[in-house]
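The values are calculated or read from the model by the stated rules, or taken from the named source; none is laboratory data. From a predicted model like this one, the values you see are computed outputs, not experimental measurements. As a convention, Cβ positions derive from the backbone with ideal geometry for all residues, glycine included, and neighbour counts pool all protein chains shown. Heavy atoms of the whole protein, side chains included, go into the accessibility calculation; ligands, DNA and RNA do not. Shrake-Rupley method; radii C 1.70, N 1.55, O 1.52, S 1.80 Å.
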Amino acid sequence: MDRENLENQQAASSADASNSLQMDPDAMLELATRTAELIIERIRILPDEQAWDGEFKKELEDQLMEDPPENGSPALEVLGRAAKEILPLGARLDHPRSFAFIPSAPTWPGILADFMVSAFHVNQCTWLTSSGASQMELVVMDWIRRWLGYPDTAGGLMTSGGSAASLEALVAARESAGAPERGTVYMSDQSHSALVRAARIMGIRSEYVRLIPTDALFRMDPEALKRTVAEDRAAGLKPVAVCANAGAASTGAIDPLESLADFCEADGIWLHVDAAYGGFTVITERGKDLLRGMERADSIGLDAHKLFFQPYEAGCLMVKDLRNLERAFAVRHDILQDTIWGANHPNFSDRGLQLSRSVRALKIWVSVKTFGMAAFRNAVSKGMELARQAEAYIWNSGTMELLLPSSLGIVCFRVNPDHAGLDEESLEKINRKVLVRVFWEDRALMSSTLLRGRFTLRLCIVNHNTTWVDVRETLEAIERFGNEAISETVPGGV
């Protein structure tokens, strides 16, 4: 081979290498180490930063909108940009003063488990493709089954979250009811929008999604449910499912689970419990007592990325009789014929809407094996105890009004000074000002809700890193902002 041809070959080989998606193992290790350092530094300084730091769309378009590059850049430079310019912009849900919506703080072993899942690149659709991960999910599901008090016939699967779990549960309920054309679904007027969406997706007409009124504590009224079901049956409609709350997102309210179970059993209606928020409190004695009756439901949805401190996505659906789930979702597919290993080797694609799916249970298994259940019970109990302390603080405040007893870590209240005599319009204006000032001026992040049309401030205290100092200083800031808003709203103050 002449010199010119050799040089051409070497140049082509060099070009191929530069355009490869591969990396040298030493470079991979160095990049992983430096990336872990970035993440750990973010976690270390997080308590001293704001719980929210977003940016306007126009600013981010100017920074990020660009054509994909033809040639690459150093990976650490690219990842560093993501760590500084992209991922921090938004709600920092694991911040100890993140009290908005439903936050959480994932365990570090859980985070590393997700890293391993991505690296091992397992598709947990069938036993053939993922026997180890499938057996491990069966183990985790059995832990959850026992925590819930479900029988040996129960089973389920990990999902992306409560939305998918709700949809899969209602599909199973529909099939169990004979897939009626004029089916109805019943839920509290405090139920999560995911339940309404799930009912619509699986074929329930919007006008047949019944929102049942609630009592003074925002719990479903069983008598109103009974009347509505009787009226629907008389009109020729077919009840498919009743959806109960085990920790409503706005208030933490728990529906009367025992009464609802009695009614559904007697009337032959599927009972689904939406425990996406509160379900994992069942691992504590207090939670087990509060959620008594949940174990009688036909299905339960839970989110481990909430009160079990896991990274997203870590939802879970449990069904009391696993056969109902498999009857609804198992579909023969020729391309999958080689994956049939027999009845004792389940394919999780037969239990839900996904075929290709990531390994979601490993982070739970790794976290529990690392810390043990005593640590998880303490973490769950801590959030509920801090909420009770916040409730007492608000009760004794001359500036704030407690609107509901705390429930499962959620406290609903507002600024409403003693003897002020302010009307609802003025109170809403004051509390909106307070919320805005907390958002922009305080380290904490909190959110609001509407309770029977009343604008309401709301703290959700579930982060295992949160301390009473975090909660108290946030409440003190709310009092301070509230008093200043009152002075601006009410001539002469209060």
Residue check, A390 over 18 Å from A100 (Cα atoms) and outside any strand (DSSP E or B): no
Single unsatisfied condition, V319 versus (1) within 20 Å of the chain's Cα centre (by Cα); (2) open to solvent by 10 Å² or more (accessible area, probe 1.4 Å): (2)
Lone qualifier among A261, A249, A154 - being within 24 Å of K306 (Cβ to Cβ) and within 22 Å of the chain's Cα centre (by Cα): A249
Enumeration of residues in segment 174-185 that are at negative phi and surrounded by fewer than 19 Cβ atoms within 10 Å (Cβ to Cβ): E175, A177, P180, E181, R182
Test: residue in segment 244-266 that is in contact with a Lys or Arg (Cβ under 8 Å, 6 or more places away or on another chain), hydroxyl-bearing (S, T, Y) and open to solvent by 10 Å² or more (accessible area, probe 1.4 Å): yes
Residues satisfying the stated conditions in segment 143-169, i.e. of a type in the set (D, E, K, R) and open to solvent by less than 10 Å² (accessible area, probe 1.4 Å): E168
Unique match (being in contact (Cβ under 8 Å) with a residue 60 or more places away in the chain, of a type in the set (A, V, I, L, M) and open to solvent by 20 Å² or more (accessible area, probe 1.4 Å)) among I111, I86: I111
Residue in segment 286-294 that is free of Cβ contacts under 8 Å to residues at least 60 places away in the same chain, among the hydrophobic types (A, V, I, L, M, F, W, C) and farther than 23 Å from V171 by Cα present: yes
Enumeration of residues in segment 215-243 that are open to solvent by less than 10 Å² (accessible area, probe 1.4 Å), in contact with a Pro (Cβ under 8 Å, 6 or more places away or on another chain) and not in a helix (DSSP H, G or I): M220, V240
The one condition in (1) within 21 Å of the chain's Cα centre (by Cα); (2) open to solvent by 20 Å² or more (accessible area, probe 1.4 Å) that F56 fails to fulfil: (1)
Criterion (buried (at least 19 other Cβ atoms within 10 Å of the Cβ) and modelled with pLDDT under 95) met by exactly one of S98, S104: S104
Inter-residue pairs, beta-carbon under 6 Å, first without any contact (Cβ under 8 Å) to a residue 24 or more places away in the chain and in segment 200-219, second outside any helix (DSSP H, G or I) and surrounded by 15 or more Cβ atoms within 10 Å (Cβ to Cβ), 6+ apart: D215/D221
Sole residue being touching a residue at least 40 places away in the same chain (Cβ under 8 Å) and in a helix (DSSP H, G or I), chosen from N465, N483: N483
Selection status of I335, modelled with pLDDT under 95 and under 22 Å from V122 (Cα atoms): yes
Considering residues of segment 336-388 that are among the β-branched types (V, I, T) and open to solvent by 20 Å² or more (accessible area, probe 1.4 Å) only, the residue farthest from G156 (Cα to Cα): T370
Residue selected from segment 393-421 under the condition among the small types (G, A, S) and outside any strand (DSSP E or B), by the criterion surrounded by the fewest Cβ atoms within 10 Å (Cβ to Cβ): G421
Answer residue from segment 186-214, given it is touching a Phe, Trp or Tyr at 6+ places or on another chain (Cβ under 7 Å) and within 18 Å of C264 (Cβ to Cβ) and is least open to solvent (accessible area, probe 1.4 Å) among those: I212
